[in-house]
Structures are given as C-alpha cells and as structure tokens.
Amino acid sequence: MVSALFGMVLLIVVAVGFGVWAARGPKVMVVPKTTELKAHATRDPEAGRLRCHFYYDGPEDHYALSEIDLPRSLANDLGLGVPAGWEPTPLAAEKGDDPAFVENYNRERLRLLGNQPLPPRAEVILDLPATHAGAGAGILRFTYGFQRRLGGVTRFALIELVAVSSPSLG
C-alpha cells in the first residue's frame, strides 16, 4: 500500500514537472552535428545576381533557410536588392537586451527573413538581386534549421565573398 502510494506521488511529481518544463516555451537542444549545409556563391554581374548555392547533405526534409545577415556596407557595395519571398526585418529588442546593441546592430547590419526549404541531397540556388554583383567583399551569414512545438535546431552557414581583382592592363 505504501509503495503504491509512493509510486502514484512520484508519477504526479514527474507529470507536473514535465508540464512546467513544456509550458516554458520552445527549447533549443544541443545535438551533435552529423549533417552539414555546404554553401558557396557565384557572381553573375551580367544578370545582376549573386547566386548562393546550398547543398544540405542530411536525411531530414524539414530544414529551411530562415535568415540572411550581412554588413550594410557589403549590401551597399553589391547594390543588393531583396529576393522574392524575403523581407528586411530589423532585430527587435527583447526584455533584457541592451538597447544600444540592438540599435547599433540594425544600423550596421542588414537582416532578411524568409523561408527557403532545403530538401535533402539536392542543390538549392537562392538568387540575390545585386546591381553590382562583381563588387564587394565580406561574409554573408545564413541561418537554417527547423522549429517544432517543443523546440528545434538552429545552425549557421557562412559564405565569404572575396574581392574580385580587376584584370591588369598591359
């Protein structure tokens, strides 16, 4: 009788604990990185495009690109436009954030939010309109992952654009 009562109390404590944990919102889980998003860019000045190539080698089909982040100076050098389906979205200050940091971030960086699915083992090309696609050097950061009710996974991929050297005359 005592062991049955103890078991019932333990079950209730575990159930209440799980309910409190789940009610606190989405969880970000740290999981071993077993897959990778390979990324590189090609410049197409004639078409006015910076083509970002992505290849996700994982088995899951629920991953998607959700954010593009780059210095505003690089965006200006490229003459970067907003790709279809993406929106310029300033970083919003949340409770406890340093307002000066958020203001500085929004002044110095361009942040685009969207949703580009990443099917497994297939190349995805994201065309960024760029009137000066041959110009500029710097790093573009792409956020990808997935969200579920009780959490999700967020990862990053970087593309480094190197300066294009002009052909020498002679």
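Which distance in Å, rounded to a whole number, links the C-alpha centroids of region 85-145 and region 42-56? Measuring centre to centre over Cα atoms gives 16 Å.
Calculated accessible area for region 42-148 comes out at 53 Å² per residue, all protein chains present (probe 1.4 Å; ligands, DNA, RNA ignored). Expressed as a whole percent, the accessible surface of region 98-139 that belongs to carbon and sulfur atoms is 56, based on a 1.4 Å probe.
The values are calculated or read from the model by the stated rules, or taken from the named source; none is laboratory data. Keep in mind that what you see is a predicted model, and the values were worked out from it rather than measured. All accessible areas refer to the heavy atoms of the entire protein, side chains included, with ligands and DNA or RNA removed. Shrake-Rupley method; radii C 1.70, N 1.55, O 1.52, S 1.80 Å.
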